[in-house]
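So the structure is just underneath, and the comments pick up after that.
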Amino acid sequence: MSTTVTDVYEIPQEHKDFRDLVRQIAVERVTPRAAEIDAKDEYPWDIRELLAENDILSLPYAEEFGGTGTGTLMLQMAVEELAKASASVALILMVQELGSLPIQLFGSDELKARFLPKCATGEWSPAFCLSESESGSDAAGMRTTAHLDGDEWVINGTKSWITNAGVADFYVVFAVTDRENRRVTAFVVEKDRPGFSVPKYEHKLGIHGSPTGQPVFDDVRVPAENVIGEVGRGMSVALGTLERTRLGAAAQAVGIAQGAIDYAVQYAKERTAFGKPIIELQGLQFKLADMQTRTAAARELLYKACAKMDRGESDKAMYSSMAKLFASDTAMYVTVEAVQVLGGYGYVTEYPVERMMRDAKITQIYEGTNEVQRVVIARQLAK
């Protein structure tokens, strides 16, 4: 049985070199700050600046806009490395893609030229505003509206669970523009537009240090050139974006899982019980073996899905859903087990695995819940 090139992925040496740089930054600069970021729940501006200086925030962008032009696989390898140290820091890079990808994929040349170069340098950070309190998975039920008044659109409504709220320089906002025909349109809204505010922030189980808020749009006016794609085709923009960005959640999950394993293994080598290191106890060995095997499988699925996305293969959507589903379930399983390996120490904030367990949970929820991913996968199978 022969194997064709489309069945595998290849990691070029320059990608491996860049991954090693990201890994070094994560170990030397992010890991020492991770517990503090979690405890204080403050956005790490210093870390964002560090990521920008090292071209990590330019990973989502084409070379013509000042990006690295290295594709989805390299981007998600970087997310994975950062997430080993801090899921919140990884989210800085993830949302850099999520909030600007609609412009990359569907925006006019003018929008691309206006926003993407400043994102590639890290000067600007975006946000993606799709979810609402009554329409999370059911995005078609959104209540935010926009109507045309002369040559400007007027946006009214409230979005929920928005990453980078209050931090972002601009927001990609989805609003109903034709209620009768359930048509949605995507807009760019700059943070300084009159009528825009973020009056409420969420207090979350995990990913502390990454603000999640409720942006409000009160008669916010934007020019017609701020429309992304075609009027009434906003759901295509949203779905086309999420098809790619859910790979970020998968990469974050793989990173969290591997970070938890690495810590648990090191702990098990040093901790003694019954006169020997606990890693020599078979019950613990089997637990660690299962944790490592599932994480390795999740990584292989993630990398293959990324390669399919980069090549534009027809089954890329199903693979991105499978990667997100399997990796996030793996992260939750692995981090719960890591806490168990550490025993009482796993349950206290002095050790990082309880933070990793709290951070892992969100990967099963955002970028499309795992229940929704199963629907997507099943529909692809039914075609």
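We did not get these values from a lab; they are worked out from the coordinates using the rules stated. This structure is a prediction, so every number in the text was calculated from the model and none was measured. Note that we place each Cβ from the backbone using ideal geometry, even for glycine, and neighbour counts take in every protein chain shown.
Considering every alpha-carbon pair of the range 1-153, the percent of pairs per 5 Å bin, from zero through the bin containing the longest distance, is 2, 8, 15, 17, 16, 14, 12, 8, 4, 3, 1, 0, 0.
Taking N as the number of residues in the chain, what is its Cα Rg relative to 2.2 N^0.38 Å? Provide the component values of the computation, followed by the final result.
On the way: Rg = 21.0 Å, N = 383, 2.2 N^0.38 = 21.1 Å.
Rounded to two decimals, the normalised Rg is 1.00.
Overall, the range 5-120 carries a charge dipole of about 180 debye about its Cα centre when +1 sits on the Cβ of Lys and Arg and -1 on the Cβ of Asp and Glu, all other atoms neutral.
As a test of the formula, what do you get for the chain when each DSSP H run with n ≥ 4 contributes -39,500 (n - 2.57) and the sum is divided by the residue count, at 222 nm and rounded to the nearest 500 deg cm²/dmol? It lands at -17000 deg cm²/dmol. The magnitude of the dipole of the range 61-178, with charges of +1 and -1 set on the Cβ of Lys/Arg and Asp/Glu and taken from the Cα centre, is near 340 debye.
Plainly put, the range 333-378 has a radius of gyration that is 1.17 times its Kirkwood radius, both from alpha-carbon atoms, as the Rg/Rh ratio. Once C-alpha pairs closer than 8 Å and six or more residues apart are averaged by separation and normalised to the residue number of the chain, the relative contact order reads 16 percent. For the range 126-232, the percent of C-alpha pairs falling in each 5 Å distance bin, counted from 0 to the bin holding the largest distance, reads 3, 13, 25, 25, 19, 10, 4, 2, 0. Inter-part distance, the range 154-206 to the range 108-142, computed on C-alpha centroids, equals 9 Å.
Amide H contacts under 5 Å for residue 196: 218, restricted to partners 5 or more places along the chain or on a different chain, H placed in the peptide plane at 1.01 Å from N. Taking the square roots of 5 times each eigenvalue of the Cα gyration tensor of the range 278-322, largest first, gives ellipsoid semi-axes of 34, 8, 4 Å. Here the Karplus relation 6.51 cos²θ - 1.76 cosθ + 1.60, evaluated at θ = phi - 60°, turns the backbone of the range 21-33 into coupling constants of 5, 4, 4, 5, 4, 4, 6, 7, 10, 8, 3, x, 9 Hz, with x for every Gly and Pro.
For residue 153, the amide hydrogen comes within under 5 Å of the amide hydrogens of 222, 224, counting only partners 5 or more places away or on other chains and with H modelled in the peptide plane. For the range 128-283, the relative contact order is 21 percent, taking Cα pairs closer than 8 Å that sit 6 or more residues apart in sequence and dividing their mean separation by the residue count. Positive end of the dipole of the chain (Cβ unit charges, origin at the Cα centre): among 93, 142, 222, the Cα lying farthest that way belongs to 142. When restricted to Cα atoms, the range 236-382 yields an Rg and a Dmax of 17.1, 61 Å, respectively. Between the amide H of residue 67 and those of 62, distances stay under 5 Å, these residues lying 5 or more places away or on another chain, with hydrogens modeled in the peptide plane. Between their Cα atoms, which of 287/361; 40/269; 324/383 are more than 26 Å away from each other? Going by Cα-Cα distance, 40/269 fall outside the 26 Å limit. Per-residue 3J(HN,Hα) values for the range 346-356, derived from phi via the Karplus relation 6.51 cos²θ - 1.76 cosθ + 1.60 with θ = phi - 60°, read x, 9, 10, 6, 5, 10, x, 5, 5, 5, 4 Hz in sequence order (x marks Gly and Pro).
Think of each Lys and Arg Cβ as +1 and each Asp and Glu Cβ as -1; about the Cα centre, that makes the dipole of the chain roughly 1100 debye. What residue among 356, 341, 330 has its Cα farthest toward the positive end of the dipole of the range 319-383, where the charges are +1 on Lys, Arg and -1 on Asp, Glu, each on the Cβ? Farthest towards the positive end: 330. Couplings for the range 121-129, taken from phi via the Karplus curve 6.51 cos²θ - 1.76 cosθ + 1.60 with θ = phi - 60°, read 7, x, 5, 10, 10, x, 9, 10, 10 Hz in order; Gly and Pro are left as x.
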